[in-house]
Amino acid sequence: MVQSLNELKESPSQTAGPYVHIGCTPNFCGIGGVYPEDLGARMKTGAVQGEEIVITGAVHDGMGMALKDALVEIWQADAAGKFPGHDADADANFSGFGRSPGDMETGRFRFDTVKPGRVRWPDGRWQAPHISVWIVARGINVGLQTRIYFSDEAEANAEDPILARLEHQMRVPTLMAQKQDDGTYLFDVHIQGPDETVFFDI
Amino acid sequence: MTETKTPQGGFVARDRDWHPAPFHPPYKTSVKRSPQAALLSFPTSASEITGPTFGHGVLGPHDADLIHNFTGESAIGPRIVVYGRVQDEFGRGVGGALVEVWQANAGGRYRHKKEGYVAALDANFGGCGRVITDAEGNYEFRTIMPGPYPWPNGMNDWRPAHIHFSVFGHGFAQRLITQMYFEGDPLIPLCPIIGTIQNPDAVKSLIAPMDMQRTVPMDARAYKFDITLRGRRQTAFETRPEGL
Ligand SMILES: [Fe+3]
């Protein structure tokens, strides 16, 4: 025998279940008066730097149906590539964190945020502008991690270390928020199937 | 509080065999809600090492008291204290971690418009609460013992009594949702959702023991539930220019 490494195991995940909104967005599901507002409902608390954007979309199951019981969270840098709460010079009016329960009838999520600035990869290369995404719902046993990139950042996307690493390059569009005629970005997630979104093990 | 150096490395990889299987047919909803392609692995970058931070300013004075935080009147059911420590895989306490919880009432009924169980609502129980860990990673909240409940999966499936936990660590890659179960519950080995976890030791790590030492006499029993988040590597040799 050898010495023990004294390492603990991460607590195993369990599905968020059908009532995740009771705990994470109680005001959204009619449990008012406990918290003044739902966490992550507002990403901007004042005038923010950079380009203000709107991202909408829905999470689809393997039959193509939009989930109406998902919870989507995002985390991102500010317009200058600084992380709120971590970088001292980050935009003080921007939280970087958003949480959306999706529309009760359609399941569509919506984030009113800013276009993130570029952030370096551990080896010093620049990553393309991106937003980290975490998705939980009934039937999802381990929260799904992915990223939102932007279709109108072709030059930065071309040199992004993660996009370059994808073996199946035809799946790159699953990570792209597509700019719409009304100026908003559309980011649809497909958990399973031919259009399956690239999910990460980060 | 002792000064501890924040590790500079990325997060240790998730052990996907310890976590539940994403595709587990006995839990029917997982069949069409599980990815089929391999996950893309890469080292954690600043986007994953950082994460949202929540100060005590987000908390109201009664957020950690589910017995009273809905109407101010006492909810019905056996009163319990749930306490524990949020730590990382190296045993370091995770201070400042936001822990959100939600649960059914004592009869096993959720306050939700999609809930289909016939058990009665409790007018004084909302079912949500939250707390932020202290500098050493400790947390504590008060609630009532949730009831087990039936759910549409197999013809006669029942969830053991449980409390749902959502935990924010220091990095977005530590984000975790799990469930706490209660020592001695005979429904635990029958549950298809717990059955998504293949390793019996992993299941055990989600079962809270009763702790008579932390019981509040004539008031509330206590259950201990420690939560472990992914650990960050400590090496000083982490950042390396390309090619070196
Ligand atoms: Fe539940």
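Summary of computed values
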quantity	calculated
Given (1) surrounded by fewer than 22 Cβ atoms within 10 Å (Cβ to Cβ); (2) within 16 Å of the ligand (Cβ to nearest atom), index of the condition A:V20 fails	(1)
Flag if B:I163 is at pLDDT 95 or above, surrounded by 15 or more Cβ atoms within 10 Å (Cβ to Cβ) and within 28 Å of A:D201 (Cα to Cα)	yes
Any hit, the range A:88-96, residues being within 19 Å of A:F187 (Cβ to Cβ) and either among the aliphatic types (A, V, I, L, M) or outside any loop (DSSP other than H, G, I, E, B) (or both)	no
Any hit, the range A:27-50, residues being within 16 Å of the ligand (Cβ to nearest atom) and either surrounded by 20 or more Cβ atoms within 10 Å (Cβ to Cβ) or more than 10 Å from chain B (Cβ to nearest Cβ) (or both)	yes
Residues that are more than 27 Å from B:L98 (Cα to Cα) and either buried (at least 18 other Cβ atoms within 10 Å of the Cβ) or of a type in the set (D, E) (or both), drawn from the range B:166-187	B:D185
Test: residue in the range B:33-49 that is in a loop (DSSP other than H, G, I, E, B), in contact with a strand residue (DSSP E or B) (Cβ under 8 Å, 6 or more places away or on another chain) and more than 8 Å from every other protein chain (Cβ to nearest Cβ)	no
Single match in A:G32, A:G23 (criterion: free of Cβ contacts under 8 Å to residues at least 24 places away in the same chain and not in a loop (DSSP other than H, G, I, E, B))	A:G23
Of the criteria (1) away from the ligand (no atom under 15 Å from the Cβ); (2) under 12 Å from the mean Cα position of the chain (by Cα), which one B:I163 fails	(1)
Strands (runs of 3 or more DSSP E) lying entirely in the range B:91-154 (those with 2 or more residues that are away from the ligand (no atom under 13 Å from the Cβ))	B:98-102, B:128-132, B:138-144
Some residue of the range A:116-126 being assigned to a strand (DSSP E or B), touching a residue at least 60 places away in the same chain (Cβ under 8 Å) and not basic (K, R)	no
Every residue from the range B:52-84 that is within 13 Å of another protein chain (Cβ to nearest Cβ) and outside any loop (DSSP other than H, G, I, E, B)	B:G57, B:V58, B:D65, B:G84
Residue within the range B:201-209 that is away from chain A (no Cβ under 11 Å) and buried (at least 20 other Cβ atoms within 10 Å of the Cβ) present	yes
Residue count for the range A:174-199, restricted to those that are in contact with a Phe, Trp or Tyr (Cβ under 8 Å, 6 or more places away or on another chain) and in contact (Cβ under 8 Å) with a residue 60 or more places away in the chain	2
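The values are calculated or read from the model by the stated rules, or taken from the named source; none is laboratory data. Everything quoted here is computed from the prediction, not taken from an experiment. Positions of Cβ are backbone-derived with ideal geometry, glycine not excepted, and every protein chain shown enters the neighbour counts.
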